[in-house]
Amino acid sequence: MSPTSEELLAQERRLQFTRFGNDVAIELGLHLLDAARAQGLPIAISVRRNGHRLFHASLPGTSPDNDSWLERKARVVERFGHSSFYVGTTFREKGGAFEDETHLDPALYAAHGGVFPVILCGTGPVGTVGVSGLPQADDHEFVVTQLESFLDSREA
């Protein structure tokens, strides 16, 4: 069962960084890459700060379509300040569709799971981390699980 918008919002409140520069972005990207390889996942991975792509990797089984999905989902996060899954879920919970309600070009915006905001404590969203290649709930879950693991390892 898919998480509710409240559950998705709670993830955003919990998964925040105390600092986020190029070095942290690359470490985060490598963390996701290692986990994806270990699980044999056919995903593309992207980490961005303020629209600047700092990390990108595409594992076997991906295609340029995955890069397009990453871009479209990242635009949703950058525009709305929340995970792409949260944005799509809020529209579905209200009985609408993101594409119909926002009138945003679906070739440029996709409110599907898989891209999460990089949130800096006390500042707000400063970037995105995302994957594409799995069903949207699985894309989202992978990112959240890896963010939890990454942030926990930095506090240890």
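The values are calculated or read from the model by the stated rules, or taken from the named source; none is laboratory data. Please read these numbers as outputs of a predicted model, since none were measured by experiment. Every residue, glycine among them, receives a Cβ derived from its backbone with ideal geometry; neighbour counts consider all protein chains shown. Just the protein is used for accessible areas: all its heavy atoms, side chains included, with ligands, DNA and RNA removed. Shrake-Rupley method; radii C 1.70, N 1.55, O 1.52, S 1.80 Å.
Details
- Meets criteria (free of Cβ contacts under 8 Å to residues at least 60 places away in the same chain, open to solvent by less than 60 Å² (accessible area, probe 1.4 Å) and part of a helix (DSSP H, G or I)) for Ser68: yes
- Just one of the listed residues (Phe80, Phe85, Phe91, Phe55) is closer than 18 Å to Glu148 by Cα and surrounded by 13 or more Cβ atoms within 10 Å (Cβ to Cβ), namely Phe85.
- Residues located in segment 1-49, provided they are among the aliphatic types (A, V, I, L, M), out of contact with any helix residue (DSSP H, G or I) (no Cβ under 9 Å at 6 or more places or on another chain) and more than 22 Å from Gly133 (Cα to Cα): Ala10
- Subset of segment 110-156 [open to solvent by 40 Å² or more (accessible area, probe 1.4 Å) and of a type in the set (Ser, Thr, Tyr)]: Thr123, Thr145, Ser149, Ser153
- Selected residue (criterion: surrounded by the most Cβ atoms within 10 Å (Cβ to Cβ)) from residues of segment 12-52 that are in contact with an Asp or Glu (Cβ under 9 Å, 6 or more places away or on another chain) and not in a loop (DSSP other than H, G, I, E, B): Ser46
- Residue check for Leu108: hydrophobic (A, V, I, L, M, F, W, C) and in a helix (DSSP H, G or I): no
- Qualifying residue in segment 118-130 (condition: among the small types (Gly, Ala, Ser) and farther than 23 Å from Arg14 by Cα): no
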